[in-house]
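Working notes, structure below.
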Amino acid sequence: MPARAATTQNVPMEKVPYLGQTLTRWQVGNSTFLAMPERGARLMNWHLTLGDGSVRDVLYWPELKTLDDFHKVRGGNPVLFPFSARTFDRGEIGFWRDPAGVRRPMPTHGFARQGEFKIVRLDAGGFSAVLIPGAEAREAYPFNYEFTVAYRFAPLGLSCEFTLRNFDRQPIPWSAGHHFYFTVPWTEGATRGDYAIRIPSTKTLRQDAAGRLVPGPALKPEERLNNEALLDTFHLGLKNNTVVFGQPGTQGQVSVRHGTAPTPPPEATVVTWTSDAQAPFFCVEPWMGPPNALETKVGLHWVQPGQAQSFVVDIAVK
């Protein structure tokens, strides 16, 4: 991305101009992280400087000419809150029914990725930012709450924690997720078929046109990333919390750890997706549950009044 040319080695954190805006750059060991926390609390790019001086993108970010429709850019890690992907109300997409029985709009992937955030921590180790609900958010999700996104960066990895605090007098539902756009392939001359993913799931699902969950494809414990059966598939029943992908038998593989428990809850979900066979990215997405949780009740979480819940994901290059 253009901002890479403006980086300065050995500066832990600095501001970088980018397409008329300002983003923040962190240097942590051999890792460089670029983010615009105020806009969707979005981590945009993560790249590694290798021993030979070359650069490997871990999180993909495309070359842009403008930041118009920033939230729609396919890259980085869009925040999916309060619900992931597509919601339905009685078969109609783009709606949900709140606990009081009121039908409300809900954009695909929620409203946080296009929302405004207030930075509450910005230091050499990362940032924390709190969502400032706008009109769209208040109409879609009429609760008294605080949603925080907190990143901590490491030399070969990162941790991201979502926290939802309930200041309301009623329970608040949510089922949030991440949409990591990982650069694949990352080795010169390699193709997507040279990479494999190991997902310790015991069940796969997909979503039909009316929002129902239906059985997914039969998959082996390890699959090549060019297997089209992986696309738009929800992997549940995780036997452990770690997904690993990369070129088998080589260093530099990526691990995605879903939550902090050695074995996640049965409805915890990992989504695999990419846009087409030529796309320079492959998405491995840890979600709290599959989509349309309000209707299906699968992967739906409730935060009680006065309480808070967190969802933690760790990414590492091994």
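Before moving on, here are some points about what is shown:
- Any hit, segment 171-182, residues being surrounded by fewer than 23 Cβ atoms within 10 Å (Cβ to Cβ), of a type in the set (S, T, N, Q) and at pLDDT 95 or above: no
- Taking the criterion of being part of a loop (DSSP other than H, G, I, E, B) and at pLDDT 95 or above, the residues of segment 298-318 that qualify are Val298, Gly299, Leu300, Gln304, Pro305, Gly306, Gln307.
- Within segment 44-54, none of the residues are of a type in the set (Asp, Glu), out of contact with any Ser or Thr (no Cβ under 7 Å at 6 or more places or on another chain), farther than 24 Å from Pro185 by Cβ and surrounded by fewer than 24 Cβ atoms within 10 Å (Cβ to Cβ).
- Which listed residue, of Asp89, Asp52, Asp69, is touching a helix residue (DSSP H, G or I) at 6+ places or on another chain (Cβ under 9 Å) and of a type in the set (Asp, Glu): Asp89
- In summary, Thr272 fulfils each of the numbered conditions (1) in contact with a strand residue (DSSP E or B) (Cβ under 6 Å, 6 or more places away or on another chain); (2) surrounded by fewer than 16 Cβ atoms within 10 Å (Cβ to Cβ) with the single exception of condition (2).
Rundown of residues vs (1) under 17 Å from His178 (Cα atoms); (2) of a type in the set (Ser, Thr, Tyr); (3) free of Cβ contacts under 8 Å to residues at least 24 places away in the same chain; (4) assigned to a strand (DSSP E or B), yes/no style:
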residue	(1), (2), (3), (4)
Val16	no, no, yes, yes
Thr32	no, yes, no, yes
His47	no, no, no, yes
Trp61	yes, no, no, no
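- Residues satisfying the stated conditions in segment 18-30, i.e. in contact (Cβ under 8 Å) with a residue 40 or more places away in the chain, among the β-branched types (Val, Ile, Thr) and within 28 Å of Gly134 (Cα to Cα): Thr24
- Top-ranked residue of segment 91-109 - restricted to ones that are within 18 Å of Pro171 (Cβ to Cβ) and of a type in the set (Gly, Ala, Ser), ranked as surrounded by the fewest Cβ atoms within 10 Å (Cβ to Cβ): Gly101
- Candidates Phe117, Phe83 - the one that is crowded, with 20+ Cβ neighbours inside 10 Å, in contact (Cβ under 8 Å) with a residue 40 or more places away in the chain and under 18 Å from Pro37 (Cα atoms): Phe117
- Scanning segment 248-265 for residues that are over 16 Å from the mean Cα position of the chain (by Cα) and crowded, with 18+ Cβ neighbours inside 10 Å gives Gln253, Pro264.
- Any hit, segment 216-235, residues being crowded, with 17+ Cβ neighbours inside 10 Å, free of Cβ contacts under 8 Å to residues at least 40 places away in the same chain and within 21 Å of Thr260 (Cβ to Cβ): yes
- Cβ pairs under 7 Å, 6+ apart, first in segment 125-144 and assigned to a helix (DSSP H, G or I) and surrounded by 14 or more Cβ atoms within 10 Å (Cβ to Cβ), second of a type in the set (A, V, I, L, M) and modelled with pLDDT of 95 or more: Ala140/Met106
The values are calculated or read from the model by the stated rules, or taken from the named source; none is laboratory data. Treat the numbers as computed from the prediction; the structure is a model and nothing was measured. Glycine gets a Cβ as well: all are built from the backbone with ideal geometry, and neighbour counts include every protein chain shown.
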